[in-house]
Amino acid sequence: MKIALAQFNPTVGDFDGNSARILDLAQQAKSRGADLAVFTELCLCGYPPQDLVERPAFLARNQSELKRLAKAIPLPSIVGYVGRAQDDTGKPAANSAALIANGRVLFEQRKMLLPTYDVFDESRYFQPAHSQTIIPLNGEQLGITICEDCWNDKIFWPQRLYDRDPVAELVGKGTTLLLNISASPYTMDKQGLRLDMLTSLAREHRVPVVYVNQVGGNDSLIFDGSSVAIMPDGRIAAQAKAFEEDLVLFDTATGEGDIHCQPTNELEVAYRALVCGTRDYVHKCGFSKAVVGLSGGIDSALVAAIAVDALGHENVLGVAMPGPYSSEGSARDARKLAENLKLSFLVLPIDEVFTAYRNDLKGAFLGLPEDATEENIQARIRGNLLMALSNKFGSLVLSTGNKSEMSVGYCTLYGDMAGGLAVISDVPKVMVYELAKWRNREREVIPEETLTKAPSAELKPNQKDSDSLPPYDVLDRILKAYVEDLQSPQEISELHDFPLEMVRDIARRVDRNEYKRKQAAPGLKITSKAFSVGRRFPIANRFVP
C-alpha cells in the first residue's frame, strides 16, 4: 500500500480553508498513486482549539465539515477532528481520527492518552477512548493512534505517565502498520527525542511506524512537521520537510519512500522555528506588516532579521528612537542594519517628548533624585510611538525582549514590552548572539559592532547591563536551572559553584516579576519551559524556594 504523509499548516477555526487544503493534498496524493492519505491531529479544525471545543457550534461544525469532506475526498484518508465522546459520562467531545472514503466515515478512533502537562490540557476538553481497535485496509491491519498515544512505551521511557499503552494494545490485536497522527510542538530538545522514540517503537514491535505531524505556528506554539515513516529495522523510509508543508509517499510493499533533507544545525532549526512562528502569527492574526523598534542593540537586530525573513523586507518598518543617552554608535548600527536588511527606516527622536514629561512631573517629583522612573519614561515614550505607528498603518509591533531579560524583569511594562508578539521572549541572551552570528554566516546582516559592543539599555549615562545583572553566560545557566529544570538556588549554587546569594537574588527576581510576564505579549515557545501557557505561577505568593 502506498501511503501519503500529508503535513500542512492549519489555522484554528478555519474550516473552509483547512478543508480546501485537505482536499488539495488528497488530490495530489491520488495523482501520485497513493492508496491512503494520512493527515494530522485535529487538522480539520486546527490545533490547539482550546476552549472553542466547549462551544456547541464548534463541535457541530466539526461533524458537518467531516461529512462534507467525506463526500468529496478522492481517496481513503485519515483526518483528525473533534468528534463526539463515546458516551455521556464525561466530556461531550473526543480528540478523534476518522477514516473517510466512498462518501462516508468508515471508522473512527478516539485518543486514549490525554496529556495535561506543559502546554497541554486535553483532559479539560476531551473524553479518552475506552479501547483501541484495528481496521483492515488494502491488505494491512491499520492501528491508528493520536499523538500522545505513542508516547508511553515501557521500553523507551524509564518512568511512564499512564497505565495503558495504546500501541502495545494495537500490536496485541494484530496491527501490521502503526499510524500516528500528531500535533507535536517544536522545542529545541524534542526532535531527536521524538525520532528515537518512534524508532524504538518500530524495532520493539516489529511493525512499520508512520508518523504525520502538523507544521506551522498557532499562537505561541510552533510545529515542525518532519513527518516520518520508519521500518521495523529502524531505517527511515520516508521523511517530510521541517517547518514547511509537504507531501511524501511511503510504499509498505517495498519499504521505500520520499526522503527530504532535514536541517541538522540546532541554531538553524531554532531560527527557522522563529521565522515560521512569526510569519504565521502575523498572517493568521490578519496582519501583513510589522514594525520593530531598532535600538542598535543585538535583540532588536535579531528580531528585525527574523521579521524580514518571515514577512519580506518590504513589509517591515524599522524605527530608531534616539534619546538623550543614546550613543552615536547605536544610531549608526540601527541605520546600517536597516540598510543591510533593505527595510524601511524611520527616525523619531524622543528628547523633546522626554523633556516635556519631566517638566510636567517636576512639581510632583520636587526634591527627589532621578532613578528608574525616568528610565522607564523613556522606554514608555518609545512604546507609545511604536503603538501609534501600529494604529496608523495597521502593522503589528514586534517586541524585542529576550528570555534572560523577561526572566528577571529587566524590561519596562508598556515600554519595550509593548507589542503584539514577543518574538525572542523564549531565547536566552547568549543564544541571541549565537543566532545573530548564524544569520551572518554568509554575509554581514547584523553589524559587527552590534555583536561586539557591551549590551546596554542606554537609559542613563554610561549604562551597561552588567551594572544590574551577572554576565549573561552566568545568568543564563542560572535561569535554565531555575526556570526550566526547577532546581533550587541551593542546588544551582552547588552544581555550578556560583555564590549562593547571587543565585538567590536571581531566583527572587524571577519570582517577583511574574506580574510583568503576565502582561507581556504572547511569545514563541522554543525551549522546554517558556513563559507562556506551559508555565503557570501565581503572581501573589510568598513561597521562598
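The values are calculated or read from the model by the stated rules, or taken from the named source; none is laboratory data. As the structure is a prediction and not an experimental result, all values here were calculated from the model. Glycine gets a Cβ as well: all are built from the backbone with ideal geometry, and neighbour counts include every protein chain shown.
Miscellaneous remarks
Conditions tested, residue by residue: (1) among the small types (Gly, Ala, Ser); (2) closer than 19 Å to Ile259 by Cα; (3) modelled with pLDDT of 95 or more; (4) outside the structural domain of Leu142 (by TED's automatic domain parsing).
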position	(1), (2), (3), (4)
Asp189	no, no, no, no
Thr199	no, yes, yes, no
His205	no, no, yes, no
Val210	no, yes, yes, no
Asn218	no, no, yes, no
Ile230	no, yes, yes, no
Gly234	yes, yes, yes, no
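- Among the residues of region 379-411, the ones that are over 24 Å from the mean Cα position of the chain (by Cα), within 15 Å of Ser300 (Cβ to Cβ) and not hydrophobic (A, V, I, L, M, F, W, C) come to 2 in all.
- Region 40-66 residues that are farther than 21 Å from Ala4 by Cα, paired with ones that are polar (S, T, N, Q) and modelled with pLDDT of 95 or more (beta carbon under 8 Å, 6 or more apart): Pro48/Asn218; Glu65/Ser19
- Of all residues making up region 433-455, the number that are assigned to a loop (DSSP other than H, G, I, E, B) and either in contact with an Asp or Glu (Cβ under 6 Å, 6 or more places away or on another chain) or of a type in the set (Phe, Trp, Tyr) (or both): 2
- Exclusive hit being over 19 Å from Pro115 (Cβ atoms), of a type in the set (Lys, Arg) and crowded, with 17+ Cβ neighbours inside 10 Å, set Arg55, Arg61, Arg68, Arg104: Arg61
- Counting the residues of region 102-143 that are hydrophobic (A, V, I, L, M, F, W, C) and within 26 Å of the chain's Cα centre (by Cα) gives 6.
- Cβ-Cβ under 6 Å pairs, at least 6 apart or on other chains, region 173-191 side closer than 19 Å to Gly225 by Cβ, far side charged (D, E, K, R): Ile181/Glu41; Ser182/Glu41; Ala183/Glu41; Tyr186/Asp224
- Residues that are of a type in the set (D, E, K, R) and not in a strand (DSSP E or B) within region 52-103 comprise Glu54, Arg55, Arg61, Glu65, Lys67, Arg68, Lys71, Asp87, Asp88, Lys91, listed in sequence order.
- Scanning region 337-368 for residues being part of a loop (DSSP other than H, G, I, E, B), charged (D, E, K, R) and in contact (Cβ under 8 Å) with a residue 12 or more places away in the chain gives a total of 1.
- Tabulated pairs, region 22-35, first more than 16 Å from Leu137 (Cβ to Cβ), second in a loop (DSSP other than H, G, I, E, B), C-beta under 7 angstrom, 6+ apart or interchain: Ile22/Phe39; Ile22/Cys43; Leu23/Ile73; Leu25/Phe8; Gln27/Pro74
- Subset of region 45-89 (residues that are under 16 Å from Phe107 (Cα atoms) and among the β-branched types (Val, Ile, Thr)): Ile73, Ile78, Val79, Val82
- Residues within region 248-294 that are part of a strand (DSSP E or B), within 30 Å of Val207 (Cβ to Cβ) and touching a Leu at 6+ places or on another chain (Cβ under 6 Å), tallied: 2
- A count restricted to region 148-186 and to residues that are closer than 19 Å to Ala240 by Cβ and either in contact with a Pro (Cβ under 8 Å, 6 or more places away or on another chain) or in a loop (DSSP other than H, G, I, E, B) (or both) stands at 6.
- Condition check for Asp196: in a loop (DSSP other than H, G, I, E, B), surrounded by fewer than 20 Cβ atoms within 10 Å (Cβ to Cβ) and out of contact with any strand residue (DSSP E or B) (no Cβ under 9 Å at 6 or more places or on another chain): no
- Near pairs, Cβ below 8 angstrom, 6+ apart or cross-chain, from region 240-254 (assigned by TED's automatic domain parsing to the domain that holds Val210 and over 10 Å from Ala4 (Cβ atoms)) to any residue that is surrounded by fewer than 19 Cβ atoms within 10 Å (Cβ to Cβ) and of a type in the set (A, V, I, L, M): Asp251/Met1; Thr252/Met1; Ala253/Met1
- Exactly one residue out of Ser295, Ser300, Ser344 is more than 17 Å from Ser395 (Cβ to Cβ) and either in the same structural domain as Thr452 (by TED's automatic domain parsing) or surrounded by fewer than 24 Cβ atoms within 10 Å (Cβ to Cβ) (or both): that is Ser295.
- Test result for Val119, of a type outside the set (Gly, Ala, Ser), within 30 Å of Cys285 (Cβ to Cβ), in contact with a Leu (Cβ under 8 Å, 6 or more places away or on another chain) and part of a strand (DSSP E or B): no
- Looking only at region 202-218, and only at residues there that are part of a strand (DSSP E or B) and of a type in the set (Val, Ile, Thr), the one that is farthest from Tyr281 (Cα to Cα): Val209
- Once region 488-517 is narrowed to residues that are over 18 Å from the mean Cα position of the chain (by Cα) and among the basic types (Lys, Arg), the residue that is nearest to Ile306 (Cα to Cα) is Lys516.
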